[in-house]
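One structure below.
The values are calculated or read from the model by the stated rules, or taken from the named source; none is laboratory data. Bear in mind that the values here come from a model prediction, so they are computed numbers and not experimental data. Every residue, glycine among them, receives a Cβ derived from its backbone with ideal geometry; neighbour counts consider all protein chains shown. Each accessible area value is taken on the protein alone, full model and side chains, heavy atoms only, with ligands, DNA and RNA left out. Shrake-Rupley method; radii C 1.70, N 1.55, O 1.52, S 1.80 Å.
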Amino acid sequence: MKLNLLLKSFLTVILAVSFTDAARVKCSVKNCCRKRDLNSLFEIDNFNSRANAFHVTRALPELSTPDILKDHIVREVNKLPPSKLIYNNKSKRTASTAIWEPFKNARGYVASFSIGLQALRGCTALIIVGKSGVFAAHFFEDESMEPSDPQWVESLLKSGNKDFKNLGDYVGELSGQPQGGLSTSPEVFIVYPVASREPPVDDIGQPKDTRPAAVIGFLEGQKQYPQAYDGIFNTIQSIWPTITTIQGVPYYPLNLDNTITPSGDPPITDKERLDRHTNGRILFEFEGKDSADRSIRLHIESRRVLHVNLPTTPA
């Protein structure tokens with residue numbers, strides 16, 4: 001009898017430890033980017049609400065309410081073709097990918113376009129908006145966060161590969177502000193995950209942790225991958241030594257395995273947030289030659305972090 005009780009106690013401890021060790025699964029090639037959006041916790045490092053300083057009349061709909069903005073971001077990101085996705089899930093060489101889109105060519109502004117990313121849930125993204133175009137990159141959580149990783153962020157930015165555009169090839173086009181002016185630095189946004197209270201684990205023989213990310217918890221003010229953030233920051237600063245326009249944008253990564261409706265008002269799972277809300281989404285919009293106005297907008301989750309008028313004709 002005593003042996004049975006001891007055995008039951010032992011199994012209970014093992015199960016409890018296994019569940020705790022599961023935490024949330026790292027974003028991997030097969031299961032990309034955990035994403036979460038807890039608006040009350042959203043903040044932007046060194047962000048001084050510059051977006052509010054610009055007033056633009058655009059061909060794009062006026063996103064005057066949170067619901068209209070949310071619906072617009074979700075709809076526009078969902079309909080992006082693979083060539084306009086910052087994360088290229090068709091890549092067979094690497095999970096970390098980067099794209100470049102110019103604003104102009106020899107004849108003037110190009111046609112309007114959008115690029116975006118659908119499901120950040122642990123990975124890191126980089127958006128550089130410069131004088132003549134936008135460079136955007138997605139760094140996978142399980143391949144690019146440590147210097148020993150096969151696709152380390154600094155190595156990708158400095159050397160590139162078949163699916164990751166070499167940042168060095170676009171320094172000239174990126175040097176300067178999209179709205180003009182004397183500055184030779186671009187606008188830079190590093191979108192990084194806030195550290196989870198329980199470190200993410202690899203999806204290898206681990207039981208699923210179905211708790212919402214908010215229940216797993218976060219370490220406020222801490223980055224999940226500070227080395228990766230610093231690697232990106234330092235690379236950007238080495239290209240533009242006097243730059244003062246690098247903004248760190250934290251987000252709270254969601255748990256894709258949370259499919260059980262939690263208590264709350266309204267009750268919604270992390271998976272539903274990722275599928276139907278702005279959580280983990282990035283949308284960059286350029287209004288070009290086919291628009292009545294020339295402007296740029298950048299949305300990170302539910303926030304508009306950049307809204308800029310462009311000159312009537314490119315400089």
Margin query: Using +1 at the C-beta of Lys and Arg and -1 at the C-beta of Asp and Glu, which of V308, L174, P186 has the Cα lying farthest in the positive direction of the dipole of region 167-315?
Written below: V308
Check: Counting only protein heavy atoms, what percent of the accessible surface of region 176-237 is carbon or sulfur at a 1.4 Å probe?
Finding: 52 percent
Margin query: Let me spell out the model: positive unit charges on the Cβ of Lys and Arg, negative unit charges on the Cβ of Asp and Glu, origin at the Cα centre of region 209-309. What dipole size does that give, in debye rounded to 20?
Written below: 200 debye
Next item on the list: Using packing as a proxy for protection, rank 96-107, 289-300, 233-244 so that the peptide with the highest average count of other Cβ atoms within 10 Å comes first.
Entry: 289-300, 96-107, 233-244
Checklist line | Residue-normalised accessible area of region 107-148, given per residue in Å² at a 1.4 Å probe | finding: 23 Å²
Notebook entry, point to check: What does the charge add up to near D149, with Lys and Arg as +1, Asp and Glu as -1, over the other residues with Cβ less than 9 Å from its Cβ?
Noted result: -3
Check: How much length is gained on full extension from D275 to N105, taking 0.36 nm per residue of separation minus their Cα-Cα distance?
Finding: 57.6 nm
Notebook entry, point to check: Length gain on complete extension for the stretch S83 to L182, per 0.36 nm per residue less the alpha carbon to alpha carbon distance?
Noted result: 32.4 nm
Checklist line | Selected from A213, L157, F139, residue furthest toward positive end of dipole (region 123-258; charges at beta carbon) | finding: L157
Checklist line | Global geometry of region 230-305, whether rounded, prolate or oblate, following the gyration tensor of its Cα atoms and the 1.5 cut on a/c | finding: oblate
Notebook entry, point to check: Taking a 24 Å limit on the Cα-Cα distance, which of the listed pairs K131/K158; K131/K223; K84/K158; K70/K131; K165/K271 fall beyond it?
Noted result: K131/K223; K70/K131; K165/K271
